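Down below is the structure, laid out as structure tokens.
The values are calculated or read from the model by the stated rules, or taken from the named source; none is laboratory data. This one's a predicted model, so the numbers in the text were calculated from it and none came from an experiment. Every residue, glycine among them, receives a Cβ derived from its backbone with ideal geometry; neighbour counts consider all protein chains shown.
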Amino acid sequence: MVTGHVFIATSLDGFISTADGGIEWLIRRDDPNEDHGYNDFIKDIDGLIMGRGTYEKAISFESWQYTIPVLVMSRTLKSKDIPISLKDKIQIVDYSPIDLMRSLDAKGWRKVYVDGGQVIQSFLRDNLIADMVITTAPVLLGAGRSLFGALSSETSLTHIKTTTFPSGLVQSKYRVGGK
Ligand SMILES: NC(=O)c1ccc[n+]([C@@H]2O[C@H](COP(=O)([O-])OP(=O)(O)OC[C@H]3O[C@@H](n4cnc5c(N)ncnc54)[C@H](OP(=O)(O)O)[C@@H]3O)[C@@H](O)[C@H]2O)c1
């Protein structure tokens, strides 16, 4: 079965954006001279599943930053809402996480990048995430959109490695599953 993989940054208090979706606190701390492993992560990923919240932030930037196919999970957006220039790069999908993963599996996909707080939470609840690379920024936001949320049961993780960067970012990789 195709596997889900997370690569995301969070504040130390667990927020991936401010309440209005802002990530300036992160951009400010992203030192371009540091290699945080994104290119290495993305190289064997077949495509990206993101939530509507993440999509709305992504299209607010000057240019589209993804070179892999992007599937936007939404029950409210329709194909006609996608800008014409991005029609061949983005698909809106309205499936459950498991049905979406089955359809990608049938297409021969092996690894998908799963992005957006709510979407990651629902994939975790359905046990569709294999591993997570979580980069923690040295900031407390106090409020915002959460990376993690309620689960139906305890979910054990196995720590793979932690890397610290001069900028103060701390990156840890976990496999989902363990004791
Ligand atoms: N710090 C980082 O590295 C990082 C990374 C990614 C994103 N972000 C930020 O995070 C924010 C977005 O995160 P978010 O948690 O608000 O939203 P999200 O997970 O990106 O999107 C949530 C939306 O996805 C749709 N959806 C459809 N099916 C779903 C399902 N099964 N489970 C969950 N959602 C489903 C819903 O939209 P409909 O109402 O249309 O159905 C829901 O409101 C943005 O501000 C973005 O900039 C930060």
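Within segment 58-84, can you find the residues that are basic (Lys, Arg) and either outside any loop (DSSP other than H, G, I, E, B) or touching a strand residue (DSSP E or B) at 6+ places or on another chain (Cβ under 6 Å) (or both)?
Correct list: Lys80 only.
Pick out the one residue from Val112, Val133, Val139 that is in a loop (DSSP other than H, G, I, E, B), touching a residue at least 60 places away in the same chain (Cβ under 8 Å) and surrounded by 15 or more Cβ atoms within 10 Å (Cβ to Cβ).
Val139
For segment 1-30, name all the residues that are of a type in the set (Gly, Ala, Ser) and exposed (fewer than 14 other Cβ atoms within 10 Å of the Cβ).
Scanning segment 1-30 gives a single hit, Ala19.
Which of the residues belonging to segment 115-130 are surrounded by fewer than 19 Cβ atoms within 10 Å (Cβ to Cβ) and either aromatic (Phe, Trp, Tyr) or part of a loop (DSSP other than H, G, I, E, B) (or both)?
Passing the criteria: Asp126, Asn127.
Being within 10 Å of the ligand (Cβ to nearest atom), under 22 Å from Ala130 (Cα atoms) and in contact with a Gly (Cβ under 7 Å, 6 or more places away or on another chain): is that true of Phe15 here?
Here the answer is yes, as Phe15 does meet what is asked.
Inspect all residues belonging to segment 49-57 and state whether any of them is in contact with a strand residue (DSSP E or B) (Cβ under 9 Å, 6 or more places away or on another chain) and either in a loop (DSSP other than H, G, I, E, B) or more than 15 Å from the ligand (Cβ to nearest atom) (or both).
Looking through segment 49-57, none of the residues is in contact with a strand residue (DSSP E or B) (Cβ under 9 Å, 6 or more places away or on another chain) and either in a loop (DSSP other than H, G, I, E, B) or more than 15 Å from the ligand (Cβ to nearest atom) (or both).
Check Ile59, Ile68, Ile27 and return the single one that is within 15 Å of the chain's Cα centre (by Cα) and modelled with pLDDT of 95 or more.
Every option except Ile68 fails the conditions.
Which residue out of Asn39, Asn33 is exposed (fewer than 15 other Cβ atoms within 10 Å of the Cβ) and outside any loop (DSSP other than H, G, I, E, B)?
Unique residue meeting the criteria: Asn39.
Could you please give the count of residues in segment 82-103 that are surrounded by 13 or more Cβ atoms within 10 Å (Cβ to Cβ) and more than 10 Å from the ligand (Cβ to nearest atom)?
8
Working carefully through the options Lys161, Lys89, Lys173, find the one that is free of Cβ contacts under 8 Å to residues at least 24 places away in the same chain and in contact with a strand residue (DSSP E or B) (Cβ under 9 Å, 6 or more places away or on another chain).
When all the criteria are applied, what remains is Lys161.
Filter segment 128-157 for residues that are away from the ligand (no atom under 14 Å from the Cβ) and either among the aromatic types (Phe, Trp, Tyr) or within 19 Å of the chain's Cα centre (by Cα) (or both) and give the result.
Ala130, Asp131, Thr155, Leu157 - these are the residues of segment 128-157 that are away from the ligand (no atom under 14 Å from the Cβ) and either among the aromatic types (Phe, Trp, Tyr) or within 19 Å of the chain's Cα centre (by Cα) (or both).
Conditions: (1) outside any loop (DSSP other than H, G, I, E, B); (2) in contact with a helix residue (DSSP H, G or I) (Cβ under 6 Å, 6 or more places away or on another chain); (3) not charged (D, E, K, R). Gly149 meets all but one. Number of the miss?
(1)
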